[in-house]
């Protein structure tokens, strides 16, 4: 079994096990660094870590176009954008079984709103697909229970925000990668906007292979 991971820019990722596809936080329209268009994305499942516009992005449009299921915090599934879409609402600690595997939602230390409306808890997502476990931390600061996430789920891949200001910067994200212990670390949530840190210098987790933005690879 294998999993192809495609970085879509910002915090967006497409996961493909050869039969099923799932996407997390596909912010493409309005993202000058995105090389994919919403209509390029074919998937069975759309997952959101939280409600901010740069994470909801094109997700509902992609879900509607693909007749895909949305999995997200309960409040996100109640928005007008979710109308007519099959949605599964969750909260931190919840786990959702799917034909391709499962998604478990963890805590994240961040806010969550959409056009000024409260969107429930911000989350991280642990995704199991194609025999591979991926921890997408969402937008978050560093917290010590990342060690517990690593212990419980033993992820192969960790996607960690490094942009600073609204999330961890590279140095704290390096510590987060050490806590999680994944063999592959992907920096995300940087470069997209001028106020985010513009490079990944300082993100150097020991013992992990770092895959930079723009890469598509299989695990």
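The values are calculated or read from the model by the stated rules, or taken from the named source; none is laboratory data. All figures in this text were calculated on a predicted structure; none of them were measured in a lab. Methodologically, a virtual Cβ is constructed for each residue, glycine included, from the backbone with ideal geometry; neighbour enumeration extends over all protein chains shown.
With the requirement that a residue be in contact with a strand residue (DSSP E or B) (Cβ under 6 Å, 6 or more places away or on another chain) and farther than 24 Å from residue 166 by Cα, what does region 45-61 give you? Of everything in region 45-61, just one residue is in contact with a strand residue (DSSP E or B) (Cβ under 6 Å, 6 or more places away or on another chain) and farther than 24 Å from residue 166 by Cα, namely 45. Within region 201-219, identify whether any single residue is in contact with a helix residue (DSSP H, G or I) (Cβ under 8 Å, 6 or more places away or on another chain), modelled with pLDDT under 95 and crowded, with 17+ Cβ neighbours inside 10 Å, and answer yes or no. No; the residues of region 201-219 include none that is in contact with a helix residue (DSSP H, G or I) (Cβ under 8 Å, 6 or more places away or on another chain), modelled with pLDDT under 95 and crowded, with 17+ Cβ neighbours inside 10 Å. For region 150-167, the tally of residues that are on the phi < 0 side of the Ramachandran plot and over 15 Å from the mean Cα position of the chain (by Cα) stands at 5. The requirement of being within 26 Å of residue 180 (Cα to Cα), under 16 Å from the mean Cα position of the chain (by Cα) and not in a loop (DSSP other than H, G, I, E, B) is satisfied by residue 124.
Look at residue 133 and say whether it is within 16 Å of the chain's Cα centre (by Cα), part of a loop (DSSP other than H, G, I, E, B) and closer than 16 Å to residue 24 by Cα. No.
Residue 200 meets the conditions (1) closer than 24 Å to residue 57 by Cα; (2) in contact (Cβ under 8 Å) with a residue 60 or more places away in the chain in every case but one. The failed one is (2). Taken over region 1-28, the criterion of being at pLDDT 95 or above, more than 18 Å from residue 188 (Cβ to Cβ) and assigned to a loop (DSSP other than H, G, I, E, B) is satisfied by 17, 18, 19, 20.
A residue that is more than 22 Å from residue 23 (Cα to Cα), in contact (Cβ under 8 Å) with a residue 12 or more places away in the chain and either surrounded by fewer than 21 Cβ atoms within 10 Å (Cβ to Cβ) or touching a strand residue (DSSP E or B) at 6+ places or on another chain (Cβ under 8 Å) (or both) can be found somewhere in region 158-165. Residues in region 122-144 that are under 21 Å from residue 165 (Cα atoms) and surrounded by fewer than 22 Cβ atoms within 10 Å (Cβ to Cβ): 141, 142, 143, 144. Quick check: anything in region 186-198 surrounded by fewer than 19 Cβ atoms within 10 Å (Cβ to Cβ) and part of a helix (DSSP H, G or I)? Checked region 186-198: no residue is surrounded by fewer than 19 Cβ atoms within 10 Å (Cβ to Cβ) and part of a helix (DSSP H, G or I). Is it the case that region 104-119 has a residue that's over 27 Å from residue 147 (Cα atoms) and surrounded by 18 or more Cβ atoms within 10 Å (Cβ to Cβ)? So far as region 104-119 goes, yes, one or more of its residues are over 27 Å from residue 147 (Cα atoms) and surrounded by 18 or more Cβ atoms within 10 Å (Cβ to Cβ).
Going residue by residue through region 185-195, is there one that turns out to be out of contact with any strand residue (DSSP E or B) (no Cβ under 9 Å at 6 or more places or on another chain) and farther than 26 Å from residue 56 by Cβ? Within region 185-195, none of the residues are out of contact with any strand residue (DSSP E or B) (no Cβ under 9 Å at 6 or more places or on another chain) and farther than 26 Å from residue 56 by Cβ.
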